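Below is one structure; the comments refer to it alone.
The values are calculated or read from the model by the stated rules, or taken from the named source; none is laboratory data. Everything numeric in this text was worked out from a predicted model, so none of it was measured. Using ideal geometry, Cβ is built from the backbone for each residue, glycine included, and neighbour counts are taken over all protein chains shown. Areas reflect the complete protein model, heavy atoms only, side chains present, ligands, DNA and RNA absent. Shrake-Rupley method; radii C 1.70, N 1.55, O 1.52, S 1.80 Å.
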Amino acid sequence: MSSTTVIELANDITNAFAEITRIGPSMLPLRQAGLDRFKRSGFPTTNEEDWRFTSLKPFTEIPFEIMTDSGEQLLDQAILDEIAFSQHDTDNLVFIDGHFSDQLSQISDQPEGVTVSNLASAFDIIDNKIGLLSGKDENPLIALNDAFFTDGAWIHIPANHSLSKPVHLVFLSTAKKDGQASHSRNLIIAESNAKGTIIESHISLGHAAASTNVVTESQLEDGSNLEHIKLQDQSPQSIHLASLHSNLGKEARYAFHSFALGAQLSRNNLRMNLAKPGIDCMLNGLYMTRGSQLADHHMIVNHAAPHCDSHEYFNGILYDQSRGVFHGRILVQPEAQKTDAKQTNKNLILSEEATVNTKPQLEIYADDVKCTHGATIGELDKDAIFYLRARGLDTKAAQQMLMHGFTGEIVDRIQHNAIREELNELVWSRLENEHNLN
Amino acid sequence: MLEIKNLKARIEEKEILKGINLSVNNGEVHAIMGPNGSGKSTLASVLAGREGYDITDGEVFLRGNDILELSPEERAREGVFLAFQYPVEIPGVNSTYFLRSAVNQVRKHRGEEELDAMNFLKLVKAKMKELELAEEFLKRPVNAGFSGGEKKRNEILQMTMLNPSLAVLDETDSGLDIDALRIVADGVNRIKNQNNAQIVITHYQRLLDYIVPDFVHVLYDGRIIKSGDKTLAHDLEEKGYDWLIKNA
Amino acid sequence: MSANTDTIDEFVSSEYKYGFITDIESESLDPGLNEDVIKFISAKKNEPEWLLNWRLKAFRHFEKMENPEWAHVNYPPVNFQEISYYSAPKKKGDGPKSLDEVDPKLLETYEKLGVPLHERARLAGVAVDAVFDSESIGTTFKEDLAKAGVIFCSMSEAVQEHPELVKKYLGTVVPYTDNYYSALNSAVFSDGSFVYIPKGTRCPMELSTYFRINAANTGQFERTLIIAEESSHVSYLEGCTAPMRDENQLHAAVVELVALDNSEIKYSTVQNWYPGDEEGRGGIYNFVTKRGICKRNAKISWTQVETGSAITWKYPSVILQGDNSIGEFYSIALTNKAQQADTGTKMVHIGKNTRSTIISKGISAGKGQNSYRGLVQVGKKASKARNFSQCDSLLIGDKCGAHTFPYIEAKNSTARIEHEATTSKIGEDQIFYCNQRGLETQDAVNMIVNGFCKEVFRELPMEFAVEAQKLLDVSLEGSVG
């Protein structure tokens, strides 16, 4: 059975911490430093610029029960069959409340030298690599994760190797009780010219107000090529907090796709460091919110070397009283000449009460650059609806087609065919079934 | 085919069409010419049922049925096709998907069998060849990132696929080079038969060298001030509109 | 790139044309900021008690506030005790009754600045209020304006002559609690312009204020208030210059615009305060709060050409409170040498069918840092609100920076907001093309920059558009190869 430690943050945090340090003693210095940092900072508030539009109140007002043990180990395999991508030929690493499930995971023969495993099994090998990329970030949620993470994925693709099939990281939250707090940690290293596709799914099994705080560090060395698809489809009661820290080497290609469909509150911090020339980095995302959901994508793309391209495309569809937040900052350092950076954020507001806050920002210190950003907020385009009706489609079909197009813009950027198709269907069925098209 | 009687329309408080009378029979091609702001595009939009216009008077009959009360899609299914002056870009919506949905809506309305993906593709590819459109076109979103000429050819492709009884071409020639103009005109001429009709709205006579009209009408200040045969277009090309406007 | 570097380095060498000092006897208050200083200013201006009390309240509030640090600018903290809060040319006897009696040295100063005040040389069709340090020295065309019922005078005069209007509107658009510098200004403001356009009146000429900082170690804290009654119309322009001094000087102004139903206010600024030298020594700190409120069907249009100041911190804004009201912001901001600008606008859509347009052109050269910061906010009740924003940055040289920080918030599904921004440099192919057609590189740069700014120049009153264009050319002098 599950054993959880109930703590009052700040007061009783040490109890949970004592429990957690049993996991991977070599992690202790990192955990201790994280705990100290978090004790100093506490949770961020809306007075801070980076959290101006996103209040963590829904998170701080529920209990905080660190999942020091897996909430449930005896899950039926059938549960896995129902989740997205389960019908594809993938390797699966399954985590339940932040704990690895050996029973549900399935790793085939990846090429010699490729590692696909859980992080805790490799603590001794990789301890000095954890926190390398996220360490400088002052985000208190990273400090919290440093202190309390339990497990996560460890993927290592050596030079000139490729993953033989996509790796699917499945994060299940049992969400039986309000306040269950899972902390997962992923480390991905793609050495030079390595290739692979990684899918990351976050799913709730229950409907309690549980939280997930996941930190992922990905190091892409020269010439590597990674596609990373993240589907966050947790229950509308849950809290999803995520940070991705990536460091990209020469001519590396990284495509990160974020689909934020679930959770009461979701926040994705994306921090991309374009360290060497010739990089192509794409951040591509779709958020669809209803009820009182809030979906926040907060990214900083740091162009630190010349001749790099970065593209950010985020589309949002908002219903009811939901809120969409976009913060995109492209930072072009003085040495990053010939940067080509593009940032767009488009929002469809489909209810009287939905809100969008968007901050597409450019900070540029080099002169020979091409940087653009654009943001739009509005209803469906009336001219386009008329155009479609003039071709014989009725109003509803025209609206549906435009919404499909709006989501399709994002979905179509997924390179992996089968995954793209599945996400297309998933997104579309959400639009058709769960949302009222007026 | 089409009977327009004393059609008056306004946008907000401004009267644009001040009593249009026009009768188009099966198998005919009518050209409507006129200076900027005379109401040509408004007429096209009103025929297709665009919102924002207030029809204050008059009637429009298509094969004897008043169409003014019909929605844009009902008119489209009844066979009214508007080739837009500025075809709308629809990012994210795949051209094939869009066109097949439209074609099948219209076919369903006519009681014809809907086309499956295979047959549709076969048909559309054949038509595209005629219009010298690359197949790659079908994979792209509707009009997004198309050049001006590509957009216009895409309109003609849609027209060809939808096979309308009344095609209204709103300045389809604008922005086209001579080769594209020929391709577009060929497309229009190819669908012409004794059971349909075309209204060609244009600024310039040159399109009418390729699409030869049976009648030419001059629209000015919301009224047709002169009608004639194709020689009228040549007179206009030579003398401009002033001589007509002075007499109007 | 490298071929151009030498000439880019020469960029910083251009001279500031308005850097001379007028040698005139002034009456200046000793540096320092306390309640006595405020009482002194208020007494000097013979102000009613309510105004003094308002100033004191503002000062007490200011003391509780902290210097804002969110802007993308760097400068050592301002020591408010080292600034003199009042300086004015010494008056002989009762002071001049009309412009004819003003000290010829002052008239000469304005003549040199290209703003002649005496009757025979006045700019046709433009009434000028000339503010020298803390005082207005005179206003032209007063009688002609009075015939149309228009009040155009210094703020000090308005307090004496039209206290009911001042009391009714002062601080209603920018309350002293609004921000740090508006609190400071409310406490110590010395002079500025006051405009009142009666109902149904179209102001017969352009109104303008020319601000000049002359004395050393003084700050200029002007306060401008423009009231356009129902169905009235006014176009107002301000210009600013200051001598070259090694110390930084503070200019913290507040401008309030009130556009009542169906009225229109067009407010243009050509700001050319001394920018400091290439090392960042000297220059004006230009910390300004400008805001207007639009009632039903009203329109406020801000146009600014910002070429001067060491640091600019300025966000002319419009509260679109009335239905169908319109806000516009057209801006050119040029930062050269070590200048820093953080400027933009706020468009707050409250009423229905409100519309706003933002066109911002930032040009960065030398070691200049140029930031656009803007907010477009559409409230729940602002149905069918429309906004279009275009923010373009042009970079000249590789030591400068261009930044864009837009904030967009929409709470209404019928809103339509579009924001676009681009950053680019002057293309070598563009320069080459111009060279090949026989143009000097500098002329080519000027031409390209002017072309880049065209949409904004178009918004300026004709005579000032020409001036602004020249000003931009001068500021770019020696800029690029």
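Counting only protein heavy atoms and a 1.4 Å probe, the protein assembly as shown has 38 square angstrom of accessible area per residue.
Take C:27-36, A:263-272 and order them by the average number of nearby Cβ atoms within 10 Å per residue, most first; the result is A:263-272, C:27-36.
Entry note, the protein assembly as shown: the mean residue ellipticity at 222 nm calculated from DSSP H runs of n ≥ 4, each adding -39500 (n - 2.57), is -7000 deg cm²/dmol after division by the residues and rounding to the nearest 500. Packing-based ranking of B:27-37, A:129-139, B:111-121 yields B:27-37, A:129-139, B:111-121, ordered from highest to lowest mean Cβ neighbour count within 10 Å. Kindly identify region C:342-446 as rounded, prolate or oblate by the Cα gyration tensor criterion: order the square roots of the eigenvalues as a ≥ b ≥ c, call it rounded if a/c is under 1.5, otherwise compare a/b with b/c, prolate if a/b is larger, else oblate. The shape class here is prolate. Shielding of peptide B:92-105 by partners, expressed as the average count of other chain Cβ atoms within 10 Å per residue Cβ, is 5.
What nm distance separates the two modelled labels at B:ASN36 and C:GLU111, each placed 7 Å from Cα along Cα→Cβ? About 4.9 nm separates the two model spin labels.
Association of chains C and A removes close to 2800 square angstrom of accessible area from solvent, both sides included, for a probe radius of 1.4 Å. For region C:189-285, the alpha carbon convex hull comes to 86 Å³ per residue, rounded to a whole number.
Pairwise Cα distances in region B:121-248 exceed 25 Å for 32 percent of all pairs. What aspartates and glutamates could a cross-link reach from A:LYS177, if we take a straight Cα to Cα line under 13 Å and drop same-chain neighbours fewer than 8 places away? Leaving aside aspartates and glutamates fewer than 8 places away in the same chain, those within reach of A:LYS177 are A:GLU65, A:GLU72, A:ASP97.
In the context of the full protein assembly, C:THR172 retains an accessible surface of approximately 80 Å², using a probe radius of 1.4 Å and ignoring ligands and nucleic acids.
The calculated FRET efficiency for C:LYS147 paired with A:ASP394, based on their beta-carbon distance and R0 = 56 Å, is about 0.30. Heavy-atom surface analysis with a 1.4 Å probe gives the protein assembly as shown a carbon and sulfur content of 47 percent of its accessible area. Shape class of region A:50-139 from the Cα gyration tensor (axes a ≥ b ≥ c, square roots of the eigenvalues): oblate, since a/c reaches 1.5 or more and a/b does not exceed b/c. Remark: mean inter-chain Cβ contacts per residue of B:75-81 equal 3, using a 10 Å Cβ-Cβ cutoff to other protein chain atoms.
Computed over protein heavy atoms with a 1.4 angstrom probe, the accessible surface ordering of C:TYR372, B:TYR220, largest first, is B:TYR220, C:TYR372. When B:VAL218, C:VAL73 are compared by accessible area at a 1.4 angstrom probe, the order from most to least is C:VAL73, B:VAL218. Listed cross-link partners C:LYS295/C:LYS381; C:LYS314/C:LYS361; A:LYS276/A:LYS338; A:LYS359/C:LYS346; A:LYS165/A:LYS195; A:LYS250/C:LYS425 are compared with a 21 Å cut-off, the Cα-Cα value being larger for A:LYS250/C:LYS425.
Please state, to two decimals, what the Cα-based radius of gyration of chain C comes to when divided by 2.2 N^0.38 Å (N = residues).
0.94
For the chain pair B and A, the buried solvent-accessible surface (1.4 Å probe, both sides summed) amounts to about 2100 Å². In this structure C:LEU170 has an accessible area near 10 Å², from a 1.4 Å probe over the protein heavy atoms. Is the shape of region A:297-438 best called rounded, prolate or oblate, per the rule: a/c under 1.5 gives rounded, else a/b larger than b/c gives prolate, else oblate, with a ≥ b ≥ c the square roots of the Cα gyration tensor eigenvalues? Here region A:297-438 falls in the prolate category.
Cross-link partners for C:LYS142 among the lysines, with Cα-Cα distance under 19 Å and sequence neighbours closer than 8 places in the same chain left out: C:LYS97, C:LYS199.
D for region C:216-356, whole µm²/s, Stokes-Einstein with Kirkwood Rh over alpha-carbon pairs at 4 °C and 1.567 mPa s: what number?
84 µm²/s
With the convex hull drawn over the C-alpha atoms of the protein assembly as shown, the volume per residue is 201 Å³. Peptide A:350-358 is shielded by partner chain Cβ atoms: per residue, an average of 5 of them sit within 10 Å of its Cβ.
Between B:ASP209 and B:GLU3, the simple label model (points 7 Å from Cα in the Cβ direction) yields a spacing of 3.8 nm. Only lysines eight or more places from C:LYS44 in sequence, or on another chain, were considered; those with a Cα closer than 16 Å are C:LYS90, C:LYS91, C:LYS92.
Interface residues of region A:390-406, defined as those losing at least 20 Å² of solvent-accessible heavy-atom surface relative to the isolated chain (probe radius 1.4 Å), are listed as A:ALA390, A:ARG391, A:GLY392, A:LEU393, A:ASP394, A:MET401, A:LEU402, A:HIS404, A:GLY405.
Rounded to two decimal places and with Rh computed the Kirkwood way over Cα pairs, what is Rg over Rh for region A:3-276?
0.94
Expressed to the nearest 5 percent, the antiparallel share of DSSP beta bridges inside chain C is 10 percent.
The solvent-accessible area of B:ARG10, taken with every protein chain present and a 1.4 Å probe, is close to 60 Å². Here the Debye sum runs over all C-alpha atoms of region A:381-438 as equal scatterers in vacuum, and log10 of I(q)/I(0) at q = 0.30 Å⁻¹ comes out as -1.12.
Using the beta-carbon distance between B:LYS139 and A:GLU138 and R0 = 30 Å, what value does 1/(1 + (r/R0)^6) give for FRET efficiency, to the nearest 0.05?
Given R0 = 30 Å and the Cβ-Cβ separation, E is 0.10.
Can you tell me what share of the DSSP beta bridges in the protein assembly as shown is antiparallel? A percent to the nearest 5 is fine.
Percent antiparallel among DSSP bridges in the protein assembly as shown is about 20.
Gyration tensor over the Cα atoms of region B:81-164: the corresponding equivalent ellipsoid has semi-axes (square roots of 5 times the eigenvalues, largest first) of 20, 14, 12 Å.
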